[in-house]
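The values are calculated or read from the model by the stated rules, or taken from the named source; none is laboratory data. If you're wondering where the values come from, they're calculated on a predicted model, not measured in any experiment. Here the Cβ positions follow ideal geometry from the backbone for every residue, glycine too, while neighbour counts run over all protein chains shown. Each accessible area value is taken on the protein alone, full model and side chains, heavy atoms only, with ligands, DNA and RNA left out. Shrake-Rupley method; radii C 1.70, N 1.55, O 1.52, S 1.80 Å.
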Amino acid sequence: MQHTWRLDDGKQTLVLTTAGERLPQVVYWGATLPDDEDLHTLHAANAIDVTGGMLDENPDLSLCPEAVRSFPGQPGLIVRDTDGTPLLPKFCFEKAEQNGKLDLTYVDAENGLTLTFTFTADTETHMVTARTTLDATRPVHLHWLAAPVLPAPQQSEEMIDVSGRWCGEFQLGRTAWSAGIRYRENRTGRTGHEHFPGLIIPCTGATNTRGEAYAFHYGWSGGHRMVAEELQDGRRQVQFGHAARMETQAATQFRTAPLYICYSDTGLNGCAVAFQRHLRDRIVTWPQPATPRPVHYNCWEAVYFDHKLPVLKDIADRAAALGAERFVLDDGWFGQRDDDTRSLSDWEVDPRKYPDGLKPLIDHVHKVGMTFGLWFEPEMINPDSDIHRAHPDWALGGEDQTLGRQQKALNMALPEVRDFLYDRMSKILRDNAIEYIKWDHNRVLPMPDAAQTRGSYALIDRLRADFPHVEIETCASGGGRIDFGILERTQRVWLSDSNDALERLRIQHDAALFLPLAVTGSHVGPRRCHTSGRILDISFRAWVAAQRHMGFEMDPRELDAYETAVLTEVTSWWKHNRHWMMTADILRLDSADPAVIAEQQLARDKDRFVVFAGKAATSDQIAPRPLRLTALDPAATYRISLINRETAPGLSRGKPALKTQGMDVSGAYLMRHGVTLPWSFPERMWVLEGHRL
Ligand code: DGJ
């Protein structure tokens, strides 16, 4: 008996087959196959030969490779009885259901284990979501459970995964495939800057805009493990799951987070578009979907902990005049929070700073036309806080643990901790007109524990259920908690604490492989950046922020007339365009000049686009190289114009056409030759608009 199943989403096909009752394997994953493809033939065709030095039959690279079937690589499941005895699971077919989604159930009767694999294919976003569940008849200890295991393509020389650091998120690293394992394990207990849970496997020759690529994202905020392994026989497998031994308690059920996978034949951009659309249109719940994303003002880098009502009101006036629509009061409003050494968990308004509560500030913010948002860091506690003095046992980890930013994490697995946080936070939300929370998480955990992440999720879910109009921004020292798990519960990411536009240009370019504009916060920082010391012109700072969900985070009192004028103008451009940019695809361009980081935001109807070409460094050659656009209709004519051409520096002395006028050219020309931009200084951005005629 042979079982076969296929999943199609209009862009990719996944074929699973199995001989007899064993666990199935993915025998095909890639571009859509013809409807009448014979899956039994594919099963036979997938088998690799046997020669010297091999077993007489090649062990299956199944959805959960089993050690007991002599699989030579990493198994998909490692589990022990509560007395420590390792179990050697071996599963047999139980049932399959395919009805919109595909559910496959396999049972190991001897060990009392059941494995269920679930796949759903989204025909609009072209994303397949896959998950594995383990059920046991008695409590067992889980060491490792992989989400459904996928084969990696053979026509690929390298893989791209994502690391980073504070103020340097989303760094792409390329690792060549070779025998053995590329292993990423995040044991920090939060998604982290260090190990974003994503992987892209470009096929040989793939670029941003061309070629084939496969991509994975594990939607979990507690830290993950990734195994990308090449076996001796040449086959490759990719496993994603929670970091090992994160499930600290024996239990009768374990579930992986959803694994999101996609295939592209339009380069890395095909994967990026699938992630961007799936995140925005399927994962995020928007409290007010019809309302445009508001321009933010965040006061952190203006006042830090020094909250004075008249100053904040003055800042609010200025921010509103620049075009801000939401005012976010950051850290410093509660307890005795005069610096970062104290008061976390004392979530009551500081009467020294706000003798009449937050209302006077909120009323003022409303008066000048903005809504109000508030910062919390719910999972954290300072030893110097009333709550720690009252409940030292609520903190996670030992007495002698190393603190992080002078703080400990609360034990979110404890219902009383979650209830306490719910009570304090809901009181503030009930007593004040607050429509936004910036939810921070500024230290790693003393040890990873899935119960902590589940506790955080439960608290957010409860607050969201009771305050459905409140949006949440996920922040963890910048981009330390960004993943589709937290984004099921939040609407914005604070991508980085770096408001240095030069650094942001790169960070948000690489983050766009996974994140759409609608969720990606980007703020215009101070003239001299507080985290890099770099001084950047306001036009560059403003345009970099305008590439994503725009906001300001400087002290507006520092702005001179020129800066005010530029910022007001760019903000107004952003507001004018956000209605279509929110749902546009961000397409990373293949810039022939490594000094230029460029992207094209293409409207869903493909009738208009904007290109942001950021000059991150001085070019080696004198003249700008043409920049090829992508995904246009080659036969259509586009009217293009450089909307900020008057900012060309005096040293640009020639007359390239775009410097003096717009032009009408074909999509074919724009994609095959590219646009020739004027010369510019480094740390400048050209902004080119295009409309299909
Ligand atoms: C870290 C965040 O990333 C910052 O934006 C700011 O909110 C501070 N925490 C406040 O303590």
Counted residues in segment 80-104 being within 31 Å of the chain's Cα centre (by Cα), of a type outside the set (D, E, K, R) and either closer than 24 Å to residue 251 by Cβ or crowded, with 17+ Cβ neighbours inside 10 Å (or both) come to 2
So which residues in segment 324-340 are within 9 Å of the ligand (Cβ to nearest atom) and open to solvent by 10 Å² or more (accessible area, probe 1.4 Å)?
-> 340
Would you pick out the residues in segment 144-195 that are open to solvent by less than 10 Å² (accessible area, probe 1.4 Å) and among the hydroxyl-bearing types (Ser, Thr, Tyr)?
-> 156, 191
Subset tally (residues that are within 16 Å of the ligand (Cβ to nearest atom), open to solvent by 10 Å² or more (accessible area, probe 1.4 Å) and touching a strand residue (DSSP E or B) at 6+ places or on another chain (Cβ under 7 Å)) for segment 341-377 | 1
Inside segment 620-630, the number of residues satisfying the requirement of being touching a residue at least 60 places away in the same chain (Cβ under 8 Å) and open to solvent by 40 Å² or more (accessible area, probe 1.4 Å) is 1
So how many residues does segment 323-341 have that are farther than 16 Å from residue 372 by Cα and within 29 Å of the chain's Cα centre (by Cα)?
-> 1
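Taking the condition of being touching a helix residue (DSSP H, G or I) at 6+ places or on another chain (Cβ under 9 Å) and either closer than 27 Å to residue 196 by Cα or within 9 Å of the ligand (Cβ to nearest atom) (or both), how many residues in segment 462-472 meet it? Can you show your working first?
Here is the first cut: in segment 462-472, the residues touching a helix residue (DSSP H, G or I) at 6+ places or on another chain (Cβ under 9 Å) are 462-463, 466-467, 470, 472.
Those left that are additionally either closer than 27 Å to residue 196 by Cα or within 9 Å of the ligand (Cβ to nearest atom) (or both): 462-463, 470, 472.
Counting residues in segment 462-472 that are touching a helix residue (DSSP H, G or I) at 6+ places or on another chain (Cβ under 9 Å) and either closer than 27 Å to residue 196 by Cα or within 9 Å of the ligand (Cβ to nearest atom) (or both) gives 4.
Of all residues in segment 592-619 being in a loop (DSSP other than H, G, I, E, B) and not charged (D, E, K, R), which is surrounded by the most Cβ atoms within 10 Å (Cβ to Cβ)?
Step one: list which residues in segment 592-619 are in a loop (DSSP other than H, G, I, E, B), which gives 592-595, 603-607, 616-619.
In the following step, the residues that additionally are not charged (D, E, K, R) were identified as 592, 594-595, 603, 616-619.
Values: 592: 14, 594: 10, 595: 16, 603: 19, 616: 22, 617: 13, 618: 9, 619: 17.
Once the filter is applied, the top-ranked residue is 616.
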Residue list for segment 493-527, restricted to those being charged (D, E, K, R) and out of contact with any Cys (no Cβ under 9 Å at 6 or more places or on another chain) = 504, 506, 510, 527
Condition set in contact (Cβ under 8 Å) with a residue 24 or more places away in the chain and over 29 Å from the mean Cα position of the chain (by Cα), scope segment 395-415, selection farthest from the ligand (Cβ to nearest atom): answer is 398
When the residues of segment 289-314 are filtered to those that are touching a residue at least 12 places away in the same chain (Cβ under 8 Å) and away from the ligand (no atom under 16 Å from the Cβ), which remaining residue is most open to solvent (accessible area, probe 1.4 Å)?
-> 308
When residue 110 is run through (1) open to solvent by 60 Å² or more (accessible area, probe 1.4 Å); (2) outside any loop (DSSP other than H, G, I, E, B), the failure sits at (2)
Report, by residue number, each residue of segment 259-288 that is surrounded by fewer than 20 Cβ atoms within 10 Å (Cβ to Cβ) and within 21 Å of residue 117 (Cα to Cα).
-> 282
Taking the residues in segment 427-458 that are open to solvent by less than 20 Å² (accessible area, probe 1.4 Å) and hydrophobic (A, V, I, L, M, F, W, C) as candidates, determine which candidate is farthest from the ligand (Cβ to nearest atom).
-> 450
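So which residues in segment 473-492 are of a type outside the set (Gly, Ala, Ser), in contact with a Leu (Cβ under 8 Å, 6 or more places away or on another chain) and within 11 Å of the ligand (Cβ to nearest atom), if there are any at all?
Within segment 473-492, the first condition is being of a type outside the set (Gly, Ala, Ser), and the residues that meet it are 473-475, 481-484, 486-492.
Now restrict to residues that are in contact with a Leu (Cβ under 8 Å, 6 or more places away or on another chain): 474, 482, 484, 487.
Result: 474, single match.
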Would you please list the contacts, defined by Cβ atoms under 8 Å and residues six or more apart or on different chains, that run from a residue in segment 168-179 that is assigned by TED's automatic domain parsing to the domain that holds residue 237 and over 12 Å from residue 508 (Cα atoms) to a residue that is charged (D, E, K, R) and open to solvent by 60 Å² or more (accessible area, probe 1.4 Å)?
-> 175/182; 176/157; 177/157
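Within 16 Å of the ligand (Cβ to nearest atom), in the same structural domain as residue 441 (by TED's automatic domain parsing) and more than 26 Å from residue 208 (Cβ to Cβ), is that true of residue 526? Full working, then the answer.
Numbers: within 16 Å of the ligand (Cβ to nearest atom): yes; in the same structural domain as residue 441 (by TED's automatic domain parsing): yes; more than 26 Å from residue 208 (Cβ to Cβ): yes.
Spelling it out, residue 526 is indeed within 16 Å of the ligand (Cβ to nearest atom), in the same structural domain as residue 441 (by TED's automatic domain parsing) and more than 26 Å from residue 208 (Cβ to Cβ).
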Starting from residues that are buried (at least 23 other Cβ atoms within 10 Å of the Cβ) and among the β-branched types (Val, Ile, Thr), keep the ones in segment 519-537 and report whichever is farthest from the chain's Cα centre (by Cα).
-> 524
Residue 380: more than 15 Å from the ligand (Cβ to nearest atom) and under 26 Å from residue 462 (Cβ atoms), yes or no?
-> no
